[in-house]
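Engineer: Sharing a structure, written as structure tokens. Questions coming.
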Amino acid sequence: MTIAVQPTDQPTIRRSNTGLRVIDHLKLFPGYTLLAPLTGQEKVYLLNLKGLVVHEWQLPYPLAASGYLLPNGNLLYNGKLPDASIYWSAGGLVKGGVVVEVNCQGKIVWEYRHPDHHQDACRLQNGNTLILCLEKLPRSLIPQIQGGVAGTELDGEMYADVIHEVTPSGEIVWSWHAYKYLDPATDVINSQNHRCEWTHGNSVQELANGEIILSFQNISTVVIIDRRTGKIMWKLGRDVLAQPDFPHELPNGNILIVDHGVGFRHNTLNYSRIIEVDRDTKEVVWEYTDHSPQNFSSLDLSSAQRLPNGNTLITQGSLGRLFEITPEGELVWEYINPQFGESSSISGTQNSVARAFRYTRAEIPWL
């Protein structure tokens, strides 16, 4: 007798249940969740609380990282062009080239192309758009930059981040160059990161007062910069952070940060956490980790959104896991992205999601 053996589905996360896994209607924050899978399908989805798709965008370009809804209901996202510049060996996932605003039908309302754009952009209060780009560093600066894996420059060159403010007509009206304001002696590259990039910015956001907050993964640093002078007004570094992501301002003025937890200085265990930091004292006033810390871990990507009821929506990016917790850390909603595909920078089949956001019905005027 011959017994037929079914081949095992290899992706670990897909062998678990995908889609909706947890829902507590009494404790979650009601609304719709924006799901943007990084699987090259050129689609973004709006989910209801049951995990059902209520709207779908067919995008003109694949996602480079993430997108979010503007106050007018349009989707602003970072797109990937096939001919966009790519400078670092593991950067395919965040390779960009175009920032796009589309309406609910997926039609282009506005776009801006820049060959060195990567990973992130945000719409400013004045209607302009900030875009995150890379630029080559002056050769004379390279020997001064400390840290990183020795000998991993790219043909002797290194790159760092520059942000550009772009008008609706596509004119660059303001720029900020990281290498002009960071210190090569103290803003040291993490020991595990390659030296082809000094900073590796992964997020750019605007604060309520118009200042700009940036996070640099390769030097485990978050900074706030003065728009008028370009000077760094506030900095949180490796004494607290280990490869941070998506820092942004809360209504109370505190800063919410995803800390990937790769290479903690004071802890040998790598795990991710979400922290709320008092801007004045730089003290961590709230923190989320899993009950078993290593169970919440994402080496890159990821986001956290503080919801109006005090809960926090978290994206565990590398595993495509979206979940909502109460201020006490109680899990009240969980969804695993069922969209799997191949990535240009992460080997094998995966379901990564860079960021997810929850919106109320009132914030989606066309729904």
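Engineer: Filter the stretch 195-218 down to the residues that are within 18 Å of Gln144 (Cβ to Cβ) and more than 20 Å from the chain's Cα centre (by Cα), then identify the one that is modelled with the highest pLDDT.
Structural biologist: Here the answer is Arg195.
Engineer: Tally the residues that are β-branched (Val, Ile, Thr) and under 19 Å from Pro115 (Cβ atoms), restricting the search to the stretch 174-211.
Structural biologist: 2
Engineer: Which fully enclosed strands (runs of 3 or more DSSP E) of the stretch 269-364 have 2 or more residues being open to solvent by 60 Å² or more (accessible area, probe 1.4 Å)?
Structural biologist: Because the criterion is at least 2 residues that are open to solvent by 60 Å² or more (accessible area, probe 1.4 Å), the strands (runs of 3 or more DSSP E) in the stretch 269-364 that meet it are 284-288.
Engineer: Going by the conditions given, is Leu132 surrounded by 14 or more Cβ atoms within 10 Å (Cβ to Cβ) and over 18 Å from the mean Cα position of the chain (by Cα)?
Structural biologist: So Leu132 fails the test.
Engineer: Next question. For the stretch 251-269, check the following and say yes or no: at least one residue is in contact with a Phe, Trp or Tyr (Cβ under 7 Å, 6 or more places away or on another chain) and of a type in the set (Phe, Trp, Tyr).
Structural biologist: Checked against the condition, which is being in contact with a Phe, Trp or Tyr (Cβ under 7 Å, 6 or more places away or on another chain) and of a type in the set (Phe, Trp, Tyr), the stretch 251-269 yields no hits at all.
Engineer: Next question, about the same structure. What number goes with the only condition from (1) within 16 Å of the chain's Cα centre (by Cα); (2) surrounded by fewer than 22 Cβ atoms within 10 Å (Cβ to Cβ); (3) among the β-branched types (Val, Ile, Thr) that Val240 does not pass?
Structural biologist: (1)
Engineer: Then there is this: From (1) of a type in the set (A, V, I, L, M); (2) within 23 Å of Glu328 (Cα to Cα); (3) crowded, with 16+ Cβ neighbours inside 10 Å, pick out the condition that doesn't hold for Leu250.
Structural biologist: If we test Leu250 against (1) of a type in the set (A, V, I, L, M); (2) within 23 Å of Glu328 (Cα to Cα); (3) crowded, with 16+ Cβ neighbours inside 10 Å, just (3) comes out false.
Engineer: Across the stretch 13-35, what is the total count of residues that are modelled with pLDDT under 95 and in a loop (DSSP other than H, G, I, E, B)?
Structural biologist: 3
Engineer: For the stretch 158-190, which positions are farther than 11 Å from Glu135 by Cβ, without any contact (Cβ under 8 Å) to a residue 40 or more places away in the chain and in a strand (DSSP E or B)?
Structural biologist: Ile172
Engineer: Can you confirm whether the stretch 119-126 contains a residue that is open to solvent by 30 Å² or more (accessible area, probe 1.4 Å), modelled with pLDDT of 95 or more, more than 23 Å from Asn193 (Cβ to Cβ) and assigned to a loop (DSSP other than H, G, I, E, B)?
Structural biologist: Scanning the stretch 119-126 turns up at least one residue that is open to solvent by 30 Å² or more (accessible area, probe 1.4 Å), modelled with pLDDT of 95 or more, more than 23 Å from Asn193 (Cβ to Cβ) and assigned to a loop (DSSP other than H, G, I, E, B).
Engineer: Which count do you get for residues in the stretch 297-346 that are of a type in the set (A, V, I, L, M, F, W, C), out of contact with any helix residue (DSSP H, G or I) (no Cβ under 8 Å at 6 or more places or on another chain) and closer than 28 Å to Gly96 by Cα?
Structural biologist: 5
Engineer: A further question follows. Taking the stretch 166-213, which residues are open to solvent by less than 10 Å² (accessible area, probe 1.4 Å) and touching a helix residue (DSSP H, G or I) at 6+ places or on another chain (Cβ under 8 Å)?
Structural biologist: If the condition is that a residue be open to solvent by less than 10 Å² (accessible area, probe 1.4 Å) and touching a helix residue (DSSP H, G or I) at 6+ places or on another chain (Cβ under 8 Å), then Trp198, Thr199, Gly201, Asn202 are the ones that fit.
Matching residues to (1) among the aromatic types (Phe, Trp, Tyr); (2) in contact with a Lys or Arg (Cβ under 7 Å, 6 or more places away or on another chain):
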site	(1), (2)
Thr129	no, yes
Pro138	no, no
Leu141	no, no
Gly147	no, no
Glu171	no, no
Trp176	yes, no
Leu182	no, no
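Engineer: Okay, next question. Identify all residues within the stretch 225-243 that are in contact (Cβ under 8 Å) with a residue 40 or more places away in the chain and assigned to a strand (DSSP E or B); write none if there are none.
Structural biologist: Ile225, Ile232, Trp234, Leu236
Engineer: Restrict the check to the stretch 49-56 and report whether at least one residue is among the small types (Gly, Ala, Ser) and more than 19 Å from Leu132 (Cα to Cα).
Structural biologist: The answer is yes, given that some residue of the stretch 49-56 is among the small types (Gly, Ala, Ser) and more than 19 Å from Leu132 (Cα to Cα).
Engineer: Another question, then. Which of the numbered conditions does Gln10 fail, given that it passes all the others? Conditions: (1) farther than 26 Å from Asp245 by Cβ; (2) polar (S, T, N, Q); (3) at pLDDT 95 or above.
Structural biologist: Exception for Gln10: condition (3).
The values are calculated or read from the model by the stated rules, or taken from the named source; none is laboratory data. This structure is a prediction, so every number in the text was calculated from the model and none was measured. Please note: Cβ atoms are built from the backbone with ideal geometry, for glycine as well, and neighbour counts cover all protein chains shown. Side chains included, ligands, DNA and RNA excluded: accessible areas come from the protein's heavy atoms. Shrake-Rupley method; radii C 1.70, N 1.55, O 1.52, S 1.80 Å.
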